[in-house]
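Structure first, then comments.
The values are calculated or read from the model by the stated rules, or taken from the named source; none is laboratory data. The structure presented is a predicted model; accordingly, all values stated were derived computationally and were not measured. Methodologically, a virtual Cβ is constructed for each residue, glycine included, from the backbone with ideal geometry; neighbour enumeration extends over all protein chains shown.
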Amino acid sequence: MDAERMANLVDLALDVFEDEVKCWRRLGTHQPQVTRLVRYPRTPLLVLDDAGIGTFAEETVQHFDVPDKDVNSLLRRICMDKVVNAFVARCPWFHQPMTRGRARMFALQHRLNTRQRNSVLKLKVATNCSDWDTRLRIIQACSEEVIADHQHGGGRPHWKILEDLGLRIGLKRRELQDAQPLPSTELAWAAWEGLMANRHWLEGIVANTCAERINVPGYGSGLFRRHGWFGIERLRWGKLFGLAHDELEFFELHTEADIEHSNTGWRAVEKFARQLRMEDAAVKACERNLYVWEHYLNGIAGAGDAARS
């Protein structure tokens, strides 16, 4: 099966899944610690006979009784995924053309941001975290970003791999090493300080991982949904600068690594949000942090455009 056909089938499967989710309603607690989920069909069911001829059959309303804890974790995950989808839909960075000025400014700023978030901000979340296994996963992810990633990066930290990419798109190493944060980047750091260091650790781990989530295919539409954010950047930067696949390894390794990193946050919410009575707080933390990310990316876009001018 060729890549285009496979991509179309993935799109179709995701559309079917989204339509299926819309069929379901929650009736609340039906019995002690049990929630009744009801499926109301939105369209007639197409049934194929032995000859392959399709006829429409009316579906009946179905109901399933499910333990509260399973329902709540699923619904919370759906709510957070909706917040991520809304971010992908509204953030201009994902929809406006990539330029050389924006790409170079991204390399300058994101190298700094990777070091700041993973050597300072995320470690404060780990310090506050009361679950030992989750704390270790946070520290391991930070180590890959700022010390060495042996699984995905050949023993190099992610900021160093981004620095090498900056050289390939026309920056000098001294420019990268002497770069200062934009005012918009500093404002984002201050906002994340409040949202990560001075909040409950569960809200902090959402802040750690919510933007990494969009590197997981399935959000947005079209090519973005097929490839994720850094998959799209790999295509855009490759075309813009004439770079080969292996020269864009920063985006490749993050597509792989961020699936693991973001799963740490999503699974923590599934495991602890109900126990801590923080279901709504986790969703709100996701929403707030993605607005900060939008501000951060808008700042890079504006500075990149100004530098090009």
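Is there any pair with a first residue in the range 273-292 that is assigned by TED's automatic domain parsing to the domain that holds GLU193 and a second that is among the charged types (D, E, K, R) and not in a helix (DSSP H, G or I) whose Cβ atoms are under 8 Å apart and which are 6 or more apart or on different chains, and what are they?
Hits for this filter: ALA285/ARG199.
Residues checked against (1) touching a helix residue (DSSP H, G or I) at 6+ places or on another chain (Cβ under 7 Å); (2) of a type in the set (A, V, I, L, M); (3) part of a helix (DSSP H, G or I):
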{"site": "GLN116", "(1), (2), (3)": "yes, no, yes"}
{"site": "VAL120", "(1), (2), (3)": "no, yes, yes"}
{"site": "LEU123", "(1), (2), (3)": "yes, yes, yes"}
{"site": "THR134", "(1), (2), (3)": "yes, no, yes"}
{"site": "ARG137", "(1), (2), (3)": "yes, no, yes"}
{"site": "CYS142", "(1), (2), (3)": "yes, no, yes"}
{"site": "HIS152", "(1), (2), (3)": "yes, no, no"}
{"site": "LEU162", "(1), (2), (3)": "yes, yes, yes"}
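Filter the range 146-163 down to the residues that are touching a Phe, Trp or Tyr at 6+ places or on another chain (Cβ under 8 Å) and closer than 24 Å to GLY238 by Cα and list them by number.
Within the range 146-163, HIS158, ILE161, LEU162 meet the criteria.
Please determine, by comparing only the residues of the range 117-157 that are farther than 26 Å from ASN198 by Cβ and buried (at least 16 other Cβ atoms within 10 Å of the Cβ), which one is modelled with the lowest pLDDT. So that I can check it myself, show each step before the final result.
Taking the range 117-157 and keeping what is farther than 26 Å from ASN198 by Cβ, we get 148-157.
Applying the additional criterion that residues be buried (at least 16 other Cβ atoms within 10 Å of the Cβ) yields 149, 152-153, 156-157.
On the way: ASP149: 77, HIS152: 72, GLY153: 69, ARG156: 86, PRO157: 89.
Among residues in the range 117-157 that are farther than 26 Å from ASN198 by Cβ and buried (at least 16 other Cβ atoms within 10 Å of the Cβ), the one modelled with the lowest pLDDT is GLY153.
Among (1) on the phi > 0 side of the Ramachandran plot; (2) among the small types (Gly, Ala, Ser); (3) in a helix (DSSP H, G or I), where does ALA89 come up short?
Status for ALA89: all satisfied but (1).
What's the number of the only condition in (1) closer than 28 Å to GLU270 by Cα; (2) under 15 Å from the mean Cα position of the chain (by Cα); (3) not polar (S, T, N, Q) that TRP132 fails to meet?
(2)
Among the helices (runs of 4 or more DSSP H) contained in the range 212-300, which hold 1 or more residues that are over 18 Å from the mean Cα position of the chain (by Cα), surrounded by fewer than 19 Cβ atoms within 10 Å (Cβ to Cβ) and modelled with pLDDT under 90?
Output list reads 249-272.
Please go through (1) assigned to a helix (DSSP H, G or I); (2) within 30 Å of GLU287 (Cβ to Cβ) for GLY166 and return the number of the only condition it doesn't satisfy.
(2)
Residue by residue, here is whether (1) more than 26 Å from VAL269 (Cβ to Cβ); (2) out of contact with any Leu (no Cβ under 8 Å at 6 or more places or on another chain) holds:
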{"site": "CYS79", "(1), (2)": "no, yes"}
{"site": "TRP93", "(1), (2)": "no, no"}
{"site": "ALA107", "(1), (2)": "yes, no"}
{"site": "ARG111", "(1), (2)": "yes, no"}
{"site": "SER119", "(1), (2)": "no, yes"}
